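The values are calculated or read from the model by the stated rules, or taken from the named source; none is laboratory data. It should be emphasised that the depicted structure is a prediction, and the values quoted were computed from it without experimental measurement. Glycine also receives a Cβ, built like all others from the backbone with ideal geometry; neighbour counts cover every protein chain displayed. Just the protein is used for accessible areas: all its heavy atoms, side chains included, with ligands, DNA and RNA removed. Shrake-Rupley method; radii C 1.70, N 1.55, O 1.52, S 1.80 Å.
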Amino acid sequence: FGINVFKLREIVPMPEFTKPAGRKSPLMGMVNIRDQVIPVIDLAAVAGCKPATGLNILLITEYARSVQAFAVESVENIMRLDWKQVHAATAVSGRYITSIACLDENTDTNDLAMVLDVEQILYDIVPANHDLRATDLKTNKFNITPGAVAIVADDSKVARAMLEKGLNAMEIPHLMHVTGQDAWEKIQQLSAEALAE
């Protein structure tokens, strides 16, 4: 499995953590990292795995102004991939999988990783004060040029829903896309149409 490194703040060895009464898997407890109390989530349990050597590492992530720690067995690699190496996970069923990454440039090999949807995991596990269906948001309105449209891309269904909620509240016309490639193709199409006009 893999996660997008842009969501990762740091990687630390597994410290002692507090196991509160009434906690339910995959929530393991709370940890204090540099005076910040952070929930610890068993990422192996979320992914349906049984770690052979236990949960030895914490991945500290930040998303939507929240910080959380994912407990994992190990970190094998931190890799920079070209977007051509990342494919939509249309053939894989799994609520928490956004894409499949080819870990080398030879796309004929089977060195693959399933990329986890951090946003969906957090939305399902960690209580939050956001409602993706909320319509009564207090926000600024913007004077958008008539005919203008925001082109938005995110592989996470939860992130797209949050972005769409904000854009609707600001009354900004938008088109949502799952991949940056789809968004880029839409931009090229709109550009060609504008030139033709």
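Peptides 46-57, 148-159, 74-85 ordered by packing proxy, namely the average of other Cβ atoms within 10 Å per residue, highest first: 148-159, 46-57, 74-85.
Overall, the chain carries a charge dipole of about 820 debye about its Cα centre when +1 sits on the Cβ of Lys and Arg and -1 on the Cβ of Asp and Glu, all other atoms neutral.
Computed over region 1-108, the Cα gyration tensor eigenvalues convert (square root of 5λ each) into semi-axes of 27, 16, 13 Å, ordered from largest to smallest. Using the rule -39500 (n - 2.57) for each DSSP H run of four or more residues, divided by the residues of the chain, the 222 nm mean residue ellipticity is -6500 deg cm²/dmol. As a fraction of the 1.4 Å probe accessible area of the chain, surface on carbon and sulfur atoms comes out at 52 percent. Net length available on complete extension from residue 187 to residue 105 is 26.8 nm, with 0.36 nm assigned per residue and the Cα-Cα distance removed.
The count of lysine pairs in the chain whose Cα atoms are under 29 Å apart, excluding pairs fewer than 8 places apart on the same chain, comes to 23. Distant-in-sequence amide contacts of residue 97, defined by a placed amide H-H separation under 5 Å and a gap of 5 or more residues or a different chain, comprise 117.
Please give the net charge around residue 119, taking every other residue with its beta carbon less than 12 angstrom from that of residue 119, where Lys and Arg add +1 and Asp and Glu add -1. Overall, the nearby charge balance is -1.
Charge tally around residue 46: other residues with Cβ under 14 Å, Lys/Arg +1 each, Asp/Glu -1 each, net -2.
Hydrophobic, long helices, defined as DSSP H runs whose alpha-carbon span along the helix axis is 15 Å or greater and whose mean Kyte-Doolittle value is at least -1.0, occur in the chain at 157-169, 180-196.
Excluding ligands, DNA and RNA, the accessible surface per residue across the chain is 65 Å² with a 1.4 Å probe.
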